[in-house]
1. For the stretch 38-145, what is the accessible area per residue in Å², given a 1.4 Å probe and the full set of protein chains?
2. How much area per residue is accessible in the stretch 225-314 when the probe is 1.4 Å and only protein heavy atoms are counted (Å²)?
3. Distance between the C-alpha centers of the stretch 230-267 and the stretch 90-151? Whole Å please.
4. Could you tell me which of the pairs LYS301/LYS363; LYS216/LYS301; LYS166/LYS379; LYS241/LYS318; LYS291/LYS379; LYS259/LYS374 are separated by over 27 angstrom between their Cα atoms in the structure shown?
5. Leaving out same-chain residues fewer than 8 places away, which aspartates and glutamates sit with a Cα under 19 Å from that of LYS123?
6. Calculate, for the stretch 368-518, the solvent-accessible area per residue in square angstrom, rolling a 1.4 angstrom probe over the heavy atoms of the protein chains.
7. For the chain, go through all pairs of different Cα atoms, get the mean of 1/r, take its inverse, and jot down that Kirkwood value in Å.
8. So what's the Cα pair-distance distribution over the stretch 410-506, bin width 10 Å, in %?
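The values are calculated or read from the model by the stated rules, or taken from the named source; none is laboratory data. Given the structure is predicted, the values throughout are model-derived calculations rather than measurements. For the accessible areas, the whole protein counts, side chains as well, though only heavy atoms, and no ligand, DNA or RNA atoms are used. Shrake-Rupley method; radii C 1.70, N 1.55, O 1.52, S 1.80 Å.
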Amino acid sequence: MEIQNQEKILVIDFGGQYNQLVARRVRENNVYCEIYSYRTPLEKIREMQPKGIILTGGPASCYEEGAASCDPELFRMGVPVLGLCYGAQLMQWVLGGKVERAANREYGRTEIQLDTADSPLLKGVPSRTVVWMSHFDFISRMAPGFTVAAHSLNCPVAVCEDRASKLYGIQFHPEVLHTEEGFKILGNFVHDICGCSGSWRMDAFVAQTVEQIREKVGDGRVLLGLSGGVDSSVAAVLLSKAIGEQLTCVFVDHGLLRKNEADEVDAVFGPSGPYRLNYVHVDAKQHFYDKLAGVSEPEAKRHIIGEEFIRVFEAEAKKIGAVEFLAQGTIYPDVVESGLGGESAVIKSHHNVGGLPEHVDFKEIIEPLRALFKDEVRKVGLELGIPEKLVFRQPFPGPGLGIRIIGEVTEEKVKMVQDADAIFREEVAAAGLDRELNQYFAALTNMRSVGVMGDERTYDYAVCLRAVKTIDFMTAESAEIPWPVLQKVTSRIINEVRHVNRVMYDITSKPPGTIELE
Ligand code: XMP
């Protein structure tokens, strides 16, 4: 769904690792922004009538042959431009400054000192402040018209500005939380320099999107695949607010859900829940167990689960009859990671993002949350009155426990991992740790080992506990769960879950590990 009539900042992506963060920080300042590749033609940028442009960091050196670049006209459109790291160097290079390789890489926390007291970009920033640097190259000579607004010990130009032309460059990363005043600096740029009013709010988003959905759907019918996860749940309530009875939500229980999860989804979205949706619960457990029998390779399991999910979903759609629209809870990072936003490599092709496959009967796809980041989706959820418990749920992968059981999936193993996971979740919540862990779960290893229980020899499975802290799920640290909590979970799992005689805690970070075990 397109965002209309909204002041907009464009984030031009040069391939740096923090680029989605830049966009999120702008949005947190209540200013709407979108990410585009640096390859986007100038004409298209002009047509979008941005209030300001931010050039992101990137891995290249701007003076190298073939490095990512931009049209010099970008700086002459009269639109304020802020360059970050590579973006700052590129701005200087293109406008006639000089960028060179430094003798030493400057990386990590660094103190900068302001050289001027009245820079609009640095309004409210103390004269000395800590920032996050990460660069090999540095600006050794500024382009005509620019002056230095801040420097660090190793970096003569940490911030530069040409106030008259509204062009600003920052060598460090204001989007990273380690930069103490980063949020303020980006706020100064979008509010004071670009003149954005800060009207991007989720209540306005809800009102506008409801109108757009009504207009698009008319009196047609919409089908939504509801998993009970945050994104599809918020999409369901939003669509229901817009078109009520014309929406049907299909929840497929593939038998790989967490303990009691199907009941919980039924309770919220089923006939006795508060939303009065057309809700179809499909029990496809046995179908999935049959299809997965004898399969142990992770990608093969993923493939089977994904494929069967669509088949079951389509069969349900046929039963319902003529449905013109398929809705999904796609969010902005899905769009960017599918290679449709900025410069991100295709990390995983999210199902159907960007268009429908050929074999389905639907006329069009509706993605009401397509422009939003996860934290914004949560705000919309709260705005719509969805219970906090559901809105702040940790992510759960589509293939579910299928990829948390190493090796072959059987019904018996599903029960083991469900019970172990429920105990882990209960104890994490009891210890008050659930809001500070971003994802945590139990997985079942394919390893059996010898133990002794009540004087008897056992030869049973090992459960692996995993808990991570992460911002974007691209990298993650294993969380330091207090030892007594782990001990209690371990003893409960071994006592309460049959055929488990060992519990391990995974302390691998990502990379080199991944969050899930498969
Ligand atoms: P990894 O394991 O790649 O996980 O570090 C990163 C995030 O993605 C989730 N994940 C998946 N989600 N289908 C999904 O819908 C998948 O196949 C899948 N694999 C991983 C994972 O739970 C974590 O949040």
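1. 48
2. So the stretch 225-314 comes to 41 Å² accessible per residue, rounded to a whole number.
3. Cα centroid of the stretch 230-267 versus Cα centroid of the stretch 90-151: 49 Å apart.
4. From LYS301/LYS363; LYS216/LYS301; LYS166/LYS379; LYS241/LYS318; LYS291/LYS379; LYS259/LYS374, over 27 Å: LYS301/LYS363; LYS216/LYS301; LYS166/LYS379; LYS291/LYS379.
5. GLU28, GLU111, ASP115, GLU161, ASP162, GLU175, GLU180, GLU181, ASP192
6. Spelled out: the 1.4 Å probe surface of the stretch 368-518, per residue, equals 48 Å².
7. By the Kirkwood definition, the hydrodynamic radius is 25.4 Å.
8. Over the stretch 410-506, the share of Cα pairs per 10 Å bin runs 16, 47, 29, 7, 1 percent.
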